[in-house]
Amino acid sequence: MTTNSISSADSNWTGMVPVDDTALAVTDTGGSGIPLLYLNGQFATQGYWRRVLADLGPEFRHITYDERARGKKSKLSSDYSFEACVRDVDAVLAARNVDRALVVGWSYGAFVGAHWASRNPDRAIGAVLVDGAQPYDWLDEAMEQRIRKLFKRLGWITPLLRTTGLTPRMSAAQQAECNIELGKVSRVGALGPVLDDIIVPTRYVLASGSSFGSRGDEQERIRASLDAVCASNPNLRISAKVASNHDHILRKDFHAVAQAVREVAAFDRSGN
């Protein structure tokens, strides 16, 4: 149940959705189209999706939200784990009275979307995974130390940006632990079975080049892991690989993301 009364699905709604010990800022455009639930990057906000929403237009119902301690309004929590993020998907959908949805996730959100689609085949219309959810063993002890040093080094500036919603209201240590946990979630032995179990139409949109904090060709080696994934599960395909890098893909190549959404949505409309 939300802190605001739930309005008709035909009208726009913005409010707070309580879940566990926190509350999430949610926006729902309403409408009778296929519900699209957007899952943000690890420390990003729902505003990153605005170009994708504009491209897809009122033909779809768009639901966006800010994760725990992200954005300007979502509240703090004692739990910033990956599993909490997957639970939040169900909480937002339940609050908006949505039984089935097409999940669209970027970066960290792609991992959340893959897990949710794998666990909820009857509720997932499909998934669009934007430069994330690629199984690769990139986390080792040296990488853990690198992550902790990176967030500690950024610790002086992130509090200054919190009032803008551009950085999470989490400590440097909490942000580092979230990133390290993602490395564990990304491992072939952990993510591979999740992707193998997806039975709904799923499309990847891949970026090119590096991302914030990566070095050399790390990102390209990670993306290459999808060749074997798609070969083993025909429900998963690469819709596009675009020129922009990981950090700019939603700003520069939103058309490719929107096209992948339309491609997946077409399966539901055709009854397949």
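Details
- Computed per residue of the chain from DSSP H runs no shorter than four, each worth -39500 (n - 2.57), the mean residue ellipticity at 222 nm is -11500 deg cm²/dmol.
- Couplings for region 250-256, taken from phi via the Karplus curve 6.51 cos²θ - 1.76 cosθ + 1.60 with θ = phi - 60°, read 6, 8, 9, 10, 5, 4, 5 Hz in order; Gly and Pro are left as x.
- Summing Lys and Arg as +1 and Asp and Glu as -1 over all other residues whose Cβ lies under 13 Å from the Cβ of Thr27 gives a net charge of +3.
- Rounded accessible area of Leu195 (nearest 10 Å², 1.4 Å probe): 0 Å²
- Of all accessible heavy-atom area on region 1-112, the percent that carbon and sulfur account for (1.4 Å): 53 percent
- Gain in span if fully extended, Lys72 to Arg187, counting 0.36 nm per residue against the direct Cα distance: 38.2 nm
- Each Lys or Arg adds one and each Asp or Glu subtracts one; over the other residues with Cβ under 11 Å from the Cβ of Arg223, this totals -3.
- Straight-distance crosslink candidates among lysines, where the alpha carbon sits under 23 Å from Lys72 and sequence neighbours closer than 8 are dropped: Lys152
- Take Glu263: with every protein chain present and a 1.4 Å probe, its accessible area is about 60 Å².
- Arg50 accessible area, 1.4 Å probe, all protein chains in place, Å² to nearest 10: 140 Å²
The values are calculated or read from the model by the stated rules, or taken from the named source; none is laboratory data. All values derive from a computational prediction rather than experimental measurement. Note that each Cβ is placed from the backbone with ideal geometry, even for glycine, and that neighbours are counted across all protein chains shown. The accessibility values were calculated without ligands, DNA or RNA, using every heavy atom of the protein model including side chains. Shrake-Rupley method; radii C 1.70, N 1.55, O 1.52, S 1.80 Å.
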